[in-house]
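Nothing in this text is a laboratory measurement; each read-out follows from the coordinates by a stated rule. If you're wondering where the values come from, they're calculated on a predicted model, not measured in any experiment. No Cβ is skipped: glycine too gets one built from the backbone with ideal geometry, and neighbour counts run over all protein chains shown.
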Amino acid sequence: MVDIQTVSIAIASASVALVAIYNAFQVRHQSKVRQTELVTKLYSIYASEGFQKDWHVFMEEETNDYNTYRKKYAIEIPPTALFFTEIGVLLSKKLIDIDLVDSLFGGVLMRYWQRAKPLLESGRRELNEPRWGWGLEYLCNEMKKREQRQ
């Protein structure tokens, strides 16, 4: 015969297990919510008038030489490159999902990379800094890998 103490221990154990399962689902859900909010905020920066102006200036620039670009615009790195570098760093730390990034920036990003790569390589040589802009390159490499898998 089963006594009350055994039943209460079984109920308590089942309750603990259910709470643990529920918490695991909540953590996963909150992670997805945070990633979605982060990418949405990034997209609002991308869609801003200032970013779009910087984008067009960069994409229409004729030079691929870092020193020429820096002297002409009096900045070390184009703001658009900083933006995509940030996304690359977040992706490398698994703080955002590559599917979301691809959905919002995929085609634009790869066009940008074609234009930015020679300037990035020139900057690395001029600054003697092989990791300069690594987040941007990481992001583009991950996007290429994703495209090849599909």
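Residue 59 meets all of the listed conditions (1) on the phi > 0 side of the Ramachandran plot; (2) part of a helix (DSSP H, G or I) but one, namely (1).
Results for (1) surrounded by fewer than 10 Cβ atoms within 10 Å (Cβ to Cβ); (2) among the aliphatic types (A, V, I, L, M); (3) over 20 Å from residue 112 (Cα atoms); (4) without any contact (Cβ under 8 Å) to a residue 24 or more places away in the chain, shown as yes or no for each residue.
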residue	(1), (2), (3), (4)
24	no, yes, yes, yes
37	no, no, yes, yes
46	no, no, no, no
52	no, no, no, yes
55	no, no, no, no
62	yes, no, no, yes
66	no, no, no, no
76	no, no, no, yes
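Filtering the stretch 1-45 to residues that are among the acidic types (Asp, Glu) and within 35 Å of the chain's Cα centre (by Cα) leaves only 37.
Is there a residue in the stretch 16-25 that is closer than 30 Å to residue 99 by Cβ and either outside any helix (DSSP H, G or I) or of a type in the set (Ser, Thr, Tyr) (or both)? Yes, because at least one residue in the stretch 16-25 is closer than 30 Å to residue 99 by Cβ and either outside any helix (DSSP H, G or I) or of a type in the set (Ser, Thr, Tyr) (or both). One residue alone among 96, 45, 87, 75 is aliphatic (A, V, I, L, M), assigned to a loop (DSSP other than H, G, I, E, B) and either at positive phi or touching a helix residue (DSSP H, G or I) at 6+ places or on another chain (Cβ under 7 Å) (or both), and that residue is 96.
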